[in-house]
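Reviewing the structure listed below.
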Amino acid sequence: MRLTRFTDLALRVLMLLAAQPEGERCTTRGIAEAVNAPYAHVAKAVSRLQHLGLVGTRRGRGGGLALTSQGRDASVGHAVRALEGDGEVVDCDGTDPCPLRPACRLRGELRRAQEAFYAALDPVTVRDLVAEPAGRVLLGLPGRG
């Protein structure tokens, strides 16, 4: 199972925000610098995380990004499912539809493997991802604020 670049980036945003001391906020630009990603990509990830209720944003002076309480305790499996969508591991209906589809058992097995992957992440929370020493490393990234 391979996560999309978008999901990877969104998880890094969650981790960086989770590592912040209580009450501290980050900017989208600061996060982009810290995770070495384009600002536009980070902004899209932040927007999606906000839509999912995991990140809160505030504009203006003293504004920025912070995890919501739901975001801090969110299951990583739940977040990955929401970010990845309901897509299958293989695209049997792509531009060249697979002739084996009517009798294929591989698609079902891959779906079960995908669900097992997510299930392994279900008990892990965003808070767990920033337990030491990860939190210290995240706080030491340049531009994180």
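Which is farthest toward the positive dipole end of the stretch 1-71 among H41, L67, A10, measuring Cα position about the Cα centre, with Cβ charges +1 (Lys, Arg) and -1 (Asp, Glu)?
Positive-end residue among those listed: H41.
Rounded to the nearest 10 Å², what accessible area does C104 have for a 1.4 Å probe in the complete protein model?
Only protein atoms counted, so the area is about 50 Å².
Once phi is turned into θ = phi - 60°, what whole-Hz ³J(HN,Hα) does the Karplus curve with 6.51, -1.76 and 1.60 give for every residue of the stretch 132-142, x standing for Gly and Pro?
These are the phi-based 3J(HN,Hα) values: 4, x, 4, x, 5, 5, 4, 5, x, 5, x Hz.
Residue by residue through the stretch 52-66, what is 3J(HN,Hα) from phi via Karplus (6.51 cos²θ - 1.76 cosθ + 1.60, θ = phi - 60°)? Round to whole Hz and write x for glycine and proline.
Each residue of the stretch 52-66 in turn: 7, x, 8, 10, x, 10, 9, 8, x, 4, x, x, x, 10, 8 Hz.
Normalised by the number of residues in the stretch 10-102, what is the relative contact order in percent for Cα pairs under 8 Å and 6+ residues apart?
Relative contact order of the stretch 10-102: 25 percent.
Give the long-range amide H neighbours of D122: residues separated by 5 or more places, or on another chain, with amide H under 5 Å away, using H modelled in the peptide plane at 1.01 Å from N.
G77
Taking R0 as 30 Å, what's the FRET efficiency between A119 and T68 from their Cβ-Cβ distance, rounded to 0.05?
For R0 = 30 Å, the calculated efficiency reads 0.80.
Please report, for the Cα atoms of the stretch 22-64, the Rg to one decimal and the Dmax as a whole number; what are they, in angstrom?
Rg, Dmax (Cα atoms, Å): 10.3, 26.
Under 5 Å between amide hydrogens, which residues at least 5 positions from V55 or on another chain qualify, with H placed 1.01 Å from N in the peptide plane?
Q50, T68
Using amide H atoms built 1.01 Å from N in the peptide plane, name the residues 5+ places from A74, or on other chains, whose amide H lies under 5 Å from its own.
Placed amide hydrogens put V126, R127 under 5 Å from A74.
At a threshold of 8 angstrom on Cα-Cα distance, excluding pairs fewer than six apart, so keeping six or more, what relative contact order does the stretch 43-90 reach in percent?
Reported relative contact order: 27 percent.
For the stretch 1-129, what log10 I(q)/I(0) values come out of the Debye formula at q = 0.20 1/Å, with one point per alpha carbon and no solvent?
Reported log10 I(q)/I(0), two decimals: -1.09.
The values are calculated or read from the model by the stated rules, or taken from the named source; none is laboratory data. Quick caveat, the model's predicted, so the values are computed rather than measured. Quick reminder, even Gly has a Cβ in these numbers, built from the backbone with ideal geometry, and neighbours come from all protein chains shown. Please note that ligands, DNA and RNA were not included when accessible areas were found on the heavy atoms of the full protein model with its side chains. Shrake-Rupley method; radii C 1.70, N 1.55, O 1.52, S 1.80 Å.
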